[in-house]
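Structure first, then comments.
Quick note: the coordinates plus some simple rules give every number you see, no bench work behind them. This structure is a prediction, so every number in the text was calculated from the model and none was measured. Neighbour counts run over all protein chains shown; Cβ positions are idealised from the backbone, glycine included.
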Amino acid sequence: MKNKKKTAIITGSVKRLGREIALRLAELDFNVVLNYFNSSDEEAEKTLNEVKEKGADAICVKADLKKVEDIKKLFAKTEEKYGRLDLLVNNAAIFERKDFLEVTEEDFDNFISMNLKNAFFCTQEAARMMMTNEDSPCSIINISSLGGIENWKMAIPYSVAKAGLIKLTKLTAKRLAPQILVNSIAPGTIWIEGDKNTTVIKSEEAMYPMKRFGKAEDLNSIIEYLAVKNKWTTGNVFVVDGGKSL
């Protein structure tokens, strides 16, 4: 028997933005499937407990999303536990500033694998599950970046991958309609209190017309719309950047 509550998978979801999205979806009464690989088991357990404290049924699956076999394991465990999938948030990603002339083949492969390839194959597995879901339309949300829209010369392979994710959004939205809605969110810098992310340059906050970085709730307001309220919009990119791209 299929679980009656809606189920969401959030990739890369035991810390930072992924954790914030998972906690919000727990508040929205989803079953929550967390995913991690490079984080510690202790960090994963802590986030799992926090999600459960929100009242959600939740599991945590350790999976290396650079490997398709691990992606299949993530979705198989979701199917085994909940028997359904209603929402996929492709959040797992890596970011690093690196000059174009210093990028190695290994760097390039890592950026493409973690920022585009994993979303491609997660979307593929999600589509197979969602096509059998009677409560359509289901949703896929791809967390892209302003780097996929603007020309970030200090992070070229990252930007190339994120631009590819935006194109993947549009292509799969067309291919998977009407059963599945696929949209993307392209955030500017999201500041999370207590985060140890060393890639954020605080002085860049002055470049935003709103004079601050985004907060988790700024992005989660769009997540909530796409996950719960949206029944028709597909193939769109929602820019959440405090006006920086103007």
>> For the condition surrounded by fewer than 23 Cβ atoms within 10 Å (Cβ to Cβ) and either farther than 20 Å from Ala216 by Cβ or not charged (D, E, K, R) (or both), what is the one hit in Lys98, Lys46, Lys54?
In response: Lys98
> Residues in the range 159-200 that are in a helix (DSSP H, G or I) and more than 15 Å from the chain's Cα centre (by Cα): how many?
Replying inline: 10
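Out of the range 4-14, which residues are in contact with a strand residue (DSSP E or B) (Cβ under 8 Å, 6 or more places away or on another chain) and either among the aliphatic types (A, V, I, L, M) or over 16 Å from Leu226 (Cα atoms) (or both)?
Result: Lys5, Ala8, Ile9, Ile10, Thr11, Gly12, Ser13, Val14.
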> From the list Leu88, Leu25, which residue is assigned to a helix (DSSP H, G or I), of a type outside the set (S, T, N, Q) and under 22 Å from Glu224 (Cα atoms)?
Replying inline: Leu25
>> Tell me yes or no: at least one residue of the range 21-35 is free of Cβ contacts under 8 Å to residues at least 12 places away in the same chain and either over 22 Å from Asn142 (Cβ atoms) or not acidic (Asp, Glu) (or both).
In response: no
>> Name the single residue that is surrounded by the most Cβ atoms within 10 Å (Cβ to Cβ) among those in the range 203-246 being among the charged types (D, E, K, R) and farther than 15 Å from Ile21 by Cα.
In response: Asp241
>> surrounded by 13 or more Cβ atoms within 10 Å (Cβ to Cβ) and within 17 Å of Met154 (Cα to Cα): which single residue out of Asn133, Asn118, Asn110 fits that description?
In response: Asn110
>> Being within 15 Å of the chain's Cα centre (by Cα), more than 26 Å from Ser113 (Cβ to Cβ) and of a type in the set (D, E, K, R) is true for just one of Arg24, Arg84. Which residue is that?
In response: Arg24
>> Restricting to the range 136-146, name every residue that is crowded, with 22+ Cβ neighbours inside 10 Å and not hydrophobic (A, V, I, L, M, F, W, C).
In response: Ser139, Asn142, Ser144, Ser145
>> With touching a residue at least 40 places away in the same chain (Cβ under 8 Å) and in contact with an Asp or Glu (Cβ under 6 Å, 6 or more places away or on another chain) as the only criterion, which of Leu168, Leu181, Leu176, Leu146 stands out?
In response: Leu146
> Condition test on Ser221, is it small (Gly, Ala, Ser) and either over 16 Å from the mean Cα position of the chain (by Cα) or not in a helix (DSSP H, G or I) (or both)?
Replying inline: no
>> Given (1) within 23 Å of Phe30 (Cα to Cα); (2) out of contact with any Asp or Glu (no Cβ under 9 Å at 6 or more places or on another chain); (3) not hydrophobic (A, V, I, L, M, F, W, C), identify the lone condition not met by Lys81.
In response: (2)
>> If I go through the range 114-157 residue by residue, how many of them are among the aromatic types (Phe, Trp, Tyr) and either closer than 16 Å to Ala173 by Cβ or not in a loop (DSSP other than H, G, I, E, B) (or both)?
In response: 2
> Is it the case that Ile223 is in contact with a Cys (Cβ under 7 Å, 6 or more places away or on another chain), in contact (Cβ under 8 Å) with a residue 40 or more places away in the chain and more than 30 Å from Phe100 (Cβ to Cβ)?
Replying inline: no
>> I'm trying to understand the selection: among the residues of the range 74-100, which are over 22 Å from Ile190 (Cα atoms) and out of contact with any strand residue (DSSP E or B) (no Cβ under 7 Å at 6 or more places or on another chain)?
In response: Phe75, Ala76, Glu79, Glu80, Gly83, Asp99, Phe100
